[in-house]
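Inspection log for the structure reproduced underneath, given as structure tokens.
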Amino acid sequence: MRICWLLLSFFFYTALNAQQGTLTGTVLDEKGAALESATAQLVSFIDSTQMLTTTSDKSGSFTIYNIPYGYYRLRLTYISLQTKTIDSIYFREERSDFNLPDLVLKPKVQNDLDEIIIYAEKPLIQSKEGNITFNAGESALSQGSNASDLLTQVPLVTKDPNGKVLVRGKEPRILIDDKPVELNLQQLQDLLESLPGSSIEKIEVLTNPPPQYANEQGGVINITTKKGTVGKSGRLSIFGGTRGEYGANGSFSYRKNKLAININAGFAGNEFNGYGYSFRQNTYKDSTNFFNTNNEYKNQNIRPNFRANIDYEITKSHLLNFVVLYNQNSYDNLNETVFRNINRFDQLYRLSERSINSKGDSYNPNFSVTYTYKTKVPGEVFRLFTNVNYSNSKSDRLFYQQFFNPDYTFNGNDTTQLQINNNISKGYNIRFSYDRPLFDKKTSVSFGGYYIHSFSDINVDALYKRKGDGALLPLDVLSNYFLFHQNITNLRGSVRQHFGNSFSATAGLSMEQTGIYFDLLKAGKDTSNKYWTVLPFANLNKTWQNNTNLTMSYRRTIRRPGINELNPTRDFSDPYNIRAGNPSLLASPAHNFDLVLGKSKGSFYANIGVGYNVVEDIYTPIRELLPNSNVTETIWQNISGRKEYEMSTWSGYTFSRKLRMNASASYTFNQYSDFDKKNRKYRDGGSLTSNLNAVFTLKDLYSATGSFTYNRFANPQGTVRSSVSMNLALQAKMLRKKLTLTLNMIDPLFRQKNHVFTYGSNFVLENFSSTQTKNYRLSIGYSFTKSAKKPTPKTKAAIQKVIKS
């Protein structure tokens, strides 16, 4: 740690002595080809005679150095092309380096005015019409982290205790570069945890999504990756943390004319240590007893990853995109638990220890192709998306349990069991969409549909060690073999009407057929189900001149159980709480009503949303104490339904160009039926998620970012409470911003803790767990980008001669 602080102190000192600015950019024509020898002229607002001039190289890149602080206007010129002016670029102590995106010069048309653009800097978080954009490229937290970490820094986004991503308490659709990710929960977690944060440009949260995703209950999260600049560029980074974290990432990008290639590859290793306990009181007709546990665990994993993205422009109208993804998770987990049975007289009468060693690997390749056709009619677009995915997960779980007398002397009894899992999942999906504005340009239509097929082959073999000869024999009760198929077909259509420039209405309908089929090979039977669902949606949007926006929406959504909820295999990792899925689960439809009011003015934005949901056939894990036993069983079950009342807010304020803050909070109150509360002892309760972000920029090369979150989740049988999590980052840049050093301080003050309270009809359970998340991570990254050469005195003189003429 001392070395980390010394290094950062040195680089910060170097940064604090920077006194002049630098401007870089790339000039292209309309076809995306680099423009060599385009003139870039930077003129001071205060003194128009104070100007700096250069030309672009063969890759279209230019760089202007030694820019005194102040406001400037950038003027780009090229023979036979229209002049472009970018106004109000402000060089100052806290922002002295600007890298402008691709600057496109259009063909010159007679009597056409020069194009003038007012430059606006990207804040960390933007909000418009209820949607949120988190500019990850502006955050020091992105260095050394992954997509899963970054998502928890975005307003309204959180993860539940099982690691599932939620937006305002509901599960969203995840997109990467506008393409849907069709993976199960575990595959999605592996993907997000293997995607480097440094490769992400921005994360968008669409609480009011476009028609093709209008029926997603949690809206849409779109992760946009960095595309690189014209020519060749690359980046290498390494990171390590005090918690046992380590990894490296590399990226390469190439762009020229109609072809763009982006490749990312790397690996990350992690180690988590933790402990926990539980207290359970069992109530019977004539007595009570207690069951207590204490446990410790150590989880280690390494995650290699690879992603290649290729864009090819056949013509201006025909575009192709190819994406290849691969991620892997190799893990080695050890859990040790002590079980204590205590009678009503508070006397220990049964004692045992159980260790579980789980080792496994999962391999997840993924391939997709997207074809886009743009007609000459502005806004008319046809897209065809295809995807193929595959996953192979293998694991061995070794269970060893010893039994003791109350005085902790070994009583001679022990058991050894082995569970071997070999699961294969694969699938494919096809999507199409067609959008077209009608002739009045105030009306637009959108049509589309998709077909998704997924297949799982689950193979679980269980063995036990026989006393005497030590032979491993089959254990049928813990073994399972089945095949699972799911097919989803969807067709949709919608109309959007603009009434003037400030009011619009959208209405549409989706028709969806879901078919599932289970072949329970072990049981020698099969089961299937097929059903249609009608999913209407509509919204009204009004914007006033004072930048106030109001959105009202209705949509019917459906939540389908996945393989994790349907899998009937009995999880015996805890012999006193047996878990299993339920292949008979029904999908859960819901009616969602939302109203969002937002306002932005200068350095401030604020949004408040209220919602009301009627959810039917909810499926959730229900824990019950088995009769005449101290064993509980947790099975996924459908319950009658509930009503949800929501309130959420997300706001941001720029105190100065050095300090910006953003905050969000969401509260959902769940109300169950009188029948469920009386007969199943369910409890009404509220879930709270909150997030606070702050960015402080002392100088252009020195910044600090902080994020703080607090979550509390309710379930039908109780609540889950979690402590505050923190992520603080200090970042320094040097060598013309090619070298980046970042120090992340994750949960520096306390460990992550979770408290779970569960209330059943004949038991009360308290669970506590704590994970060693405290971590100091140092990340070092170096960008390989070609800087434009400074023009020679002879070239400068020629440029000035052309300008004056």
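Values quoted throughout were computed directly from the atomic coordinates according to the rules given, and no laboratory measurement underlies them. Since we're looking at a predicted model, the values are computed, not measured. No Cβ is skipped: glycine too gets one built from the backbone with ideal geometry, and neighbour counts run over all protein chains shown.
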With F499 itself left out, Lys, Arg at +1 and Asp, Glu at -1 over residues whose Cβ is under 14 Å from its Cβ give +3
Distance in Å, no decimals, from the C-alpha centre of the stretch 583-657 to the one of the stretch 330-402 is 23
Expressed to two decimals, the stretch 351-423 has a Cα Rg over Rh, using the Kirkwood radius, of 1.53
Any lysines whose Cα falls less than 25 Å from that of K441, other than same-chain ones fewer than 8 residues away, would be K106, K128, K316, K374, K376, K542
Among trypsin sites (Lys or Arg not before Pro) in the stretch 276-311, those in a DSSP loop whose Cβ has at most 13 other Cβ atoms within 10 Å are K285
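Looking at the chain, which longest stretch skips every one of the GluC sites (Glu not before Pro) that is in a DSSP loop with at most 12 other Cβ atoms within 10 Å, leaving the sites themselves out? Numbers along the way, then the final one.
Details: sites that count: E30, E121.
Longest gap between qualifying sites, sites excluded: 122-805.
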Neighbour-count ranking for W532, W650 (other C-beta within 10 angstrom, fewest to most) reads W532, W650
To the nearest 20 debye, the chain has a Cα-centred charge dipole, built from +1 on Lys and Arg Cβ and -1 on Asp and Glu Cβ, of 2180
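Under the 0.36 nm per residue contour assumption, what length would be gained going from the current alpha-carbon distance of D571 and R340 to full extension?
Working: separation 231, 0.36 × 231 = 83.16 nm, distance 2.06 nm.
This chain segment gains 81.1 nm when fully extended.
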Loop-resident chymotrypsin sites (Phe, Trp or Tyr not before Pro) in the stretch 651-704 with no more than 15 other Cβ atoms inside 10 Å, DSSP not H/G/I/E/B, are F655
Sorting L550, Y576, Y481 by the position of each Cα along the dipole of the chain (Lys, Arg +1; Asp, Glu -1; all at Cβ), the one nearest the positive end of that ordering is L550
Hull volume per residue for the stretch 512-581, using the convex hull of the C-alpha atoms, in Å³ is 146
The distance between the Cα centres of the stretch 448-491 and the stretch 514-533, in whole Å, is 14
Here the convex hull volume per residue of the stretch 357-474, taken over Cα atoms and given in Å³, is 161
By the mean-Cβ-within-10 Å protection proxy, highest first, 390-400, 167-177 rank as 167-177, 390-400
Expressed in nanometres to one decimal, the distance between label points 7 Å along Cα→Cβ at N66 and L509 is 7.0
Here the chain gives, from Cα atoms, an Rg and Dmax in Å of 29.4, 104
Residue-ordered couplings for the stretch 489-497, obtained by feeding phi - 60° into the Karplus form 6.51 cos²θ - 1.76 cosθ + 1.60 and rounding to whole Hz (Gly and Pro as x), are 10, 9, 10, 9, x, 8, 10, 10, 10
So Q82 and H755, fully extended at 0.36 nm per residue minus their Cα-Cα distance, gain in nm 235.9 nm
On each of the three principal axes the extent of the alpha-carbon atoms of the stretch 50-116, given in whole Å and largest first, is 41, 26, 22
Of all chymotrypsin sites (Phe, Trp or Tyr not before Pro) in the stretch 427-462, the ones in DSSP coil with at most 14 other Cβ atoms within 10 Å are F439
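Please report the net charge: other residues with Cβ closer than 9 Å to the Cβ of G218, K and R +1, D and E -1.
Working: positive: R168, K170, R173; negative: E171, E216.
Local charge sum for G218: +1.
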Note to self: C-alpha centroids of the stretch 129-208 and the stretch 245-316 sit apart, in Å, by 13
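Please compute the length gained on full extension between N405 and K227, using 0.36 nm multiplied by the number of residues separating them and subtracting their Cα-Cα distance.
Working: separation 178, 0.36 × 178 = 64.08 nm, distance 6.42 nm.
That works out to 57.7 nm of additional length.
Rounded to two decimal places and with Rh computed the Kirkwood way over Cα pairs, what is Rg over Rh for the stretch 45-202? Before the final figure, lay out the partial values.
On the way: Rg = 21.0 Å, Rh = 19.4 Å.
Radius of gyration relative to Kirkwood radius: 1.09.
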